[in-house]
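Notes follow once the structure below has been shown.
The values are calculated or read from the model by the stated rules, or taken from the named source; none is laboratory data. If you're wondering where the values come from, they're calculated on a predicted model, not measured in any experiment. Reconstructed Cβ throughout: ideal geometry from the backbone, glycine too, with neighbour counts over all protein chains shown. Heads up: the accessible areas ignore ligands, DNA and RNA and are worked out on the full protein's heavy atoms, side chains in. Shrake-Rupley method; radii C 1.70, N 1.55, O 1.52, S 1.80 Å.
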Amino acid sequence: MGRAPEPVTGGAALRRSLVLVCTIVAVLSGALPGASAAPAASAVPPPGEPSTAIVEPGVEAELAADGQVDLIVELDPGLGTDPAGRAARVRSAIGDEVSGAPVEVLDTALPRATVTTDADGVRRLADAEGVRRLVPNRRHRPLLTTSAAAVQAPTLWSGGVTGAGQVVAVLDSGVDATHPFLAGRVVDEACFSGGGGVPGAQGLCPGPGGRWAFGPGAAAPCTGVAMCEHGTHVAGIVAGAGGPASAASGVAPGASILAVQVFSRVTDPDDCGGPAVTPCLIAFDADLLEAFEWLYLARLTSRPTLVAANLSLGGPSLGDCSADPLRPGIDALSAVGVAVVAATGNWGSKTRIGSPACIPSAIAVGAYDESTRSVPSFSVSGPGLDLLAPGVAITSSVPGGGFRSISGTSMAAPHVSGAIALLGEVRGPLPPGMALLQLQRGGRPVTDPADRRTTPLVQLATTLAGLTPFGSVDVARGGPGSVSVSGWVIDPDTAAPVGVHVYVDGRFAGAQTAGGSRPDVGVAYPGYGAGHGFSVVVPAVGGTRQVCVYGINTGPGVNALVACRSVVVR
Ligand SMILES: [Ca+2]
Ligand SMILES: [Ca+2]
């Protein structure tokens with residue numbers, strides 16, 4: 001490893017935990033589509049022999065602008081998964097330095113290193129054996145600009161549902177665990193900061209060096225930089241409780257918070273958006289990749305009810321989000337049941353959502369303005385936008401015990417993370433894709449006046465009432481004195497087959513348990529298996545008949561109409 005970590009407490013044990021995550025994720029990452037994505041072709045052709053490494057276009061853009069680039073070097077997974085051995089092999093592949101700049105080996109399962117270098121260094125790395133891809137070490141900004149009621153959370157609270165037992169990770173600028181609004185909510189803390197040694201990026205973790213910290217106090221809010229209150233505000237929207245009338249409660253006031261500080265202090269005006277706003281907070285890809293793997297291990301070991309990871313941060317996407325450098329970590333978390341909830345951005349684009357929200361397995365959340373009952377102009381929209389949630393003038397906690405009203409998609413995303421904690425308490429483990437589907441089905445459609453895109457606004461009471469069976473009638477055919485219908489049905493509360501009832505012209509005509517094999521349905525709804533098909537023949541008299549199929553409910557919800565079809569019976 002590069003620099004020695006500086007844990008706040010329990011350093012050695014926590015360090016071993018971080019090492020263990022490398023091994024576990026390596027197995028999973030190899031099986032994930034994102035791990036071997038084939039991105040765009042090289043933009044910096046090396047002199048002489050052709051390179052085998054892919055150089056992302058963003059690398060050349062940074063070289064053209066600055067003469068140098070902060071790189072993440074992705075190496076061949078064949079370098080092995082044993083952390084200590086892998087670091088040595090990374091160094092033997094690309095050296096301790098490139099063109100005089102030091103190489104930092106990242107603490108991630110896929111072998112990665114960071115280095116800041118020039119065009120010559122990029123060419124040498126692209127030519128080096130074992131180097132698979134060169135990507136910019138991107139910068140993500142916090143996304144700023146009595147909202148629980150707008151998502152119908154109080155209806156659930158009145159039924160005793162508060163998110164109790166559920167854990168939400170908040171990857172942000174730190175959380176004030178001593179704030180009365182968050183008293184007792186923060187159950188663990190970690191910090192990843194410093195950008196993998198990017199020059200000019202100062203690590204903000206407590207302790208010397210500021211690179212890593214773990215345990216109580218590790219994710220204390222940063223100080224001395226604008227937006228250090230951001231993470232405390234976001235955590236309050238997820239799980240705050242007992243506040244003033246203007247902010248009486250977060251969405252899931254019984255849920256727990258896993259606070260993860262991922263921001264660094266940066267002084268480059270180009271990164272911060274101008275000299276007037278320096279220094280600023282930046283979250284680097286390198287730190288997010290390490291944080292994702294720490295959360296993945298926590299989910300598999302100590303935090304089995306970690307249901308969501310909130311990312312109220314981002315920047316414009318590079319274009320191809322299926323090859324996004326952060327995708328393997330987000331895919332891995334989603335695959336073990338952690339919904340990764342990300343804000344789409346506040347720069348007003350209505351054509352392309354930001355990264356990491358644009359990564360398909362992330363749940364991308366835009367902002368809704370309760371006062372205008374519409375989508376605010378700043379809220380980034382485009383293909384991949386999954387949900388809307390309140391994000392204008394949201395009052396929540398800030399460090400030191402106070403409260404402030406802030407706007408942004410940063411405020412919308414934690415409404416969804418809290419909603420998933422409430423769903424998790426009611427329903428038990430729900431695959432993130434199914435949680436999203438339920439929130440979308442139960443949501444209220446809202447059309448953005450800027451691009452006419454219609455997106456569901458989270459409505460929790462409707463969503464819970466909507467945990468009813470759903471499916472499809474694929475075939476309905478009349479025969480001599482009979483009707484045959486086939487299709488599939490799932491109740492979101494169980495992977496087991498559920499019943500279907502068939503009615504002809506409003507009269508009960510037959511029943512079946514929908515347990516037939518439908519591999520296509522199993523693929524479409526991961527975690528629910530393939531056994532949801534039905535194929536029924538019921539008696540019917542001649543003429544044109546209305547045939548209706550109902551799914552029989554399990555757990556929350558009610559019996560639901562799947563579909564009706566008109567058929568001609570001979
Ligand atoms: Ca998505
Ligand atoms: Ca149900």
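Return the total of residues in segment 242-262 being in contact with a strand residue (DSSP E or B) (Cβ under 6 Å, 6 or more places away or on another chain), among the hydrophobic types (A, V, I, L, M, F, W, C) and modelled with pLDDT under 90.
Selection size over segment 242-262: 1.
So which pairs qualify, if the first residue must be in segment 526-539 and closer than 30 Å to residue 435 by Cβ, the second must be open to solvent by 80 Å² or more (accessible area, probe 1.4 Å) and not in a loop (DSSP other than H, G, I, E, B), the Cβ gap must be under 7 Å, and the two must be at least 6 apart or on different chains?
530/517; 530/519; 531/517; 533/517
For residue 238, only one of the following conditions fails: (1) in contact with a His (Cβ under 6 Å, 6 or more places away or on another chain); (2) more than 18 Å from residue 191 (Cβ to Cβ). What is its number?
The one condition residue 238 does not meet is (1).
Going by the structure shown, is residue 412 within 18 Å of the chain's Cα centre (by Cα) and at pLDDT below 95?
No: the conditions fail for residue 412.
Considering only segment 350-408, state which residues are within 13 Å of ligand 1 (Cβ to nearest atom), part of a loop (DSSP other than H, G, I, E, B) and either within 20 Å of residue 227 (Cβ to Cβ) or of a type in the set (Asp, Glu) (or both).
354, 356, 357, 386
So that you can scan it fast, the table gives a plain yes or no per residue for (1) in contact with a Gly (Cβ under 7 Å, 6 or more places away or on another chain); (2) surrounded by 24 or more Cβ atoms within 10 Å (Cβ to Cβ):
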| site | (1), (2) |
| --- | --- |
| 163 | yes, yes |
| 177 | no, no |
| 184 | no, no |
| 187 | no, no |
| 190 | no, yes |
| 193 | yes, yes |
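What are the residues in segment 94-136 that are of a type in the set (Ser, Thr, Tyr) and within 32 Å of the chain's Cα centre (by Cα), if any?
Listed by number, the residues that qualify are 108, 114, 116, 117.
Exactly one condition in (1) modelled with pLDDT of 90 or more; (2) farther than 22 Å from residue 63 by Cα; (3) over 18 Å from the mean Cα position of the chain (by Cα) is not met by residue 295; state its number.
With respect to (1) modelled with pLDDT of 90 or more; (2) farther than 22 Å from residue 63 by Cα; (3) over 18 Å from the mean Cα position of the chain (by Cα), residue 295 is out only on (3).
To keep it simple, each residue is scored yes or no on (1) in the same structural domain as residue 288 (by TED's automatic domain parsing); (2) open to solvent by less than 10 Å² (accessible area, probe 1.4 Å); (3) closer than 29 Å to residue 181 by Cβ; (4) touching a Phe, Trp or Tyr at 6+ places or on another chain (Cβ under 6 Å).
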position	(1), (2), (3), (4)
346	yes, no, yes, yes
352	yes, no, no, no
387	yes, yes, yes, no
398	yes, no, yes, no
401	yes, no, yes, no
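List the residue pairs whose Cβ atoms are under 8 Å apart, where the first residue sits in segment 545-568 and is basic (Lys, Arg) and open to solvent by less than 80 Å² (accessible area, probe 1.4 Å), the second is more than 9 Å from ligand 2 (Cβ to nearest atom) and not in a strand (DSSP E or B), and the two are 6 or more positions apart or on different chains.
Sorted first by the residue in segment 545-568, then by its partner, the pairs are 545/505.
Six or more apart or on different chains, Cβ under 6 Å: which pairs go from a residue in segment 165-188 that's within 23 Å of residue 244 (Cα to Cα) to one that's open to solvent by 20 Å² or more (accessible area, probe 1.4 Å) and of a type in the set (Val, Ile, Thr)? Could you list them?
As it stands, the answer is 175/186; 177/186, since those pairs meet every condition given.
Given the criterion closer than 20 Å to residue 108 by Cα and surrounded by 24 or more Cβ atoms within 10 Å (Cβ to Cβ), identify the matching residue among 311, 297, 288, 281.
Criteria check complete, one pass: 311.
Can you find a residue in segment 214-231 that is assigned to a strand (DSSP E or B) and either open to solvent by less than 30 Å² (accessible area, probe 1.4 Å) or not assigned by TED's automatic domain parsing to the domain that holds residue 286 (or both)?
yes
So, in segment 298-327, how many residues would count as being assigned to a strand (DSSP E or B), over 21 Å from residue 114 (Cβ atoms) and among the hydrophobic types (A, V, I, L, M, F, W, C)?
4
For residue 456, indicate whether it is in a strand (DSSP E or B) and closer than 24 Å to residue 166 by Cβ.
Considered against the rule, which asks whether it is in a strand (DSSP E or B) and closer than 24 Å to residue 166 by Cβ, residue 456 comes out as yes.
Just to be sure I understand the filter: pairs with C-beta atoms under 8 Å, separated by 6 or more residues or on different chains, first member in segment 362-388 and within 17 Å of residue 316 (Cα to Cα), second member among the acidic types (Asp, Glu). Which pairs pass?
Qualifying pairs under 8 Å: 363/386; 364/386; 365/386; 366/448; 379/448; 381/448; 381/451; 382/451.
What residue, of 436, 422, is modelled with pLDDT under 95, surrounded by 24 or more Cβ atoms within 10 Å (Cβ to Cβ) and more than 15 Å from ligand 2 (Cβ to nearest atom)?
422
Residue-wise test of (1) part of a strand (DSSP E or B); (2) within 16 Å of ligand 1 (Cβ to nearest atom); (3) within 30 Å of residue 435 (Cβ to Cβ).
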{"residue": "461", "(1), (2), (3)": "no, no, yes"}
{"residue": "478", "(1), (2), (3)": "yes, no, no"}
{"residue": "541", "(1), (2), (3)": "no, no, no"}
{"residue": "553", "(1), (2), (3)": "no, no, yes"}
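Taking residue 527 as the residue in question, decide whether it is buried (at least 16 other Cβ atoms within 10 Å of the Cβ), closer than 30 Å to residue 339 by Cβ and more than 16 Å from ligand 1 (Cβ to nearest atom).
Against the criterion (buried (at least 16 other Cβ atoms within 10 Å of the Cβ), closer than 30 Å to residue 339 by Cβ and more than 16 Å from ligand 1 (Cβ to nearest atom)), residue 527 does not qualify.
Which ones in segment 439-462 are at pLDDT below 90 and closer than 22 Å to residue 352 by Cβ?
None; the set is empty.
Being in a strand (DSSP E or B) and closer than 21 Å to residue 556 by Cα is the filter here; which residues of segment 465-476 pass it?
470, 471, 472
Would you tally the residues in segment 105-133 being part of a strand (DSSP E or B) and open to solvent by less than 30 Å² (accessible area, probe 1.4 Å)?
9
Could you go through segment 487-509 and let me know if any residue there is loosely packed, with under 15 Cβ neighbours inside 10 Å, more than 14 Å from ligand 2 (Cβ to nearest atom) and not in a loop (DSSP other than H, G, I, E, B).
Yes: one or more hits.
Among the candidates 174, 196, 209, 184, single out the residue that is in contact with a Phe, Trp or Tyr (Cβ under 7 Å, 6 or more places away or on another chain) and part of a loop (DSSP other than H, G, I, E, B).
196
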